[in-house]
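The values are calculated or read from the model by the stated rules, or taken from the named source; none is laboratory data. Note that this is a predicted model, so its numbers are computed, not measured. Here the Cβ positions follow ideal geometry from the backbone for every residue, glycine too, while neighbour counts run over all protein chains shown.
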Amino acid sequence: MPITKRLRVLAGVKADPSAFVNNVALFDAAGNPVVFPQTGANVPHAPFVSATAIGTPAKTVTNAEPAANTLVVLKLTNGNNVANPTVAFNNGTARALQLGGSAPAVGEVVVAANGVIPCWFDGTILHMFGSIT
């Protein structure tokens with residue numbers, strides 16, 4: 001597909017909203033993060049697992065901080081039920097999780113045990129997918 005046509009499709013000019021959408025599993029049957037091959041058009045990503053307590057907003061993972069412009073799949077083995085959660089990668093700087101461009105309030109990021117939060121990391125902030133209702 002010519003690059004100009006592809007850009008128009010990605011920009012929403014094409015009528016079919018399902019273009020370039022694929023169903024993917026983020027975790028296998030054993031609960032391990034699925035690692036996708038990094039080839040061609042695939043977007044970079046990184047799977048992370050945090051075992052921080054459900055009521056603690058400062059989540060930690062042992063992985064190194066991902067590069068900017070990376071998809072981050074965050075699995076919370078104990079879940080989350082607090083406002084303004086953060087993630088510290090490998091004991092580094094706590095990075096804010098934002099929803100809709102702002103810090104989420106109580107009840108906006110309730111995640112059950114072993115729940116998954118897909119995010120885009122811009123180098124400073126983890127932007128959660130979804131919207132505030």
Might you let me know whether region 79-96 holds any residue that is of a type in the set (S, T, N, Q) and under 12 Å from the mean Cα position of the chain (by Cα)?
-> no
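Yes/no per residue for (1) assigned to a loop (DSSP other than H, G, I, E, B); (2) at pLDDT below 95; (3) crowded, with 16+ Cβ neighbours inside 10 Å:
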position: ALA46; (1), (2), (3): no, yes, yes
position: LYS59; (1), (2), (3): no, no, yes
position: PRO66; (1), (2), (3): yes, yes, yes
position: LEU74; (1), (2), (3): no, yes, yes
position: ILE117; (1), (2), (3): no, yes, yes
Long-range neighbours under 8 Å by Cβ, at least six apart or interchain, first residue on the phi > 0 side of the Ramachandran plot and of a type in the set (S, T, N, Q) within region 93-115, second modelled with pLDDT of 90 or more and not in a strand (DSSP E or B) = ASN114/THR77; ASN114/GLY79
Selection status of LEU10, more than 17 Å from the chain's Cα centre (by Cα), under 21 Å from GLY130 (Cβ atoms) and modelled with pLDDT under 90 = yes
Please tell me if GLY107 is within 19 Å of GLY31 (Cα to Cα) and either small (Gly, Ala, Ser) or in contact with a Ser or Thr (Cβ under 9 Å, 6 or more places away or on another chain) (or both).
-> no
Are any residues in region 91-115 in a strand (DSSP E or B) and within 20 Å of ILE54 (Cα to Cα), and if so, which ones?
-> ALA94, ARG95, ALA96, LEU97, GLN98, LEU99, VAL111, GLY115
Expected output for region 67-89 (first residue among the aromatic types (Phe, Trp, Tyr), partner surrounded by fewer than 16 Cβ atoms within 10 Å (Cβ to Cβ), Cβ below 7 Å, 6+ apart or cross-chain) is PHE89/ASN63; PHE89/ALA64
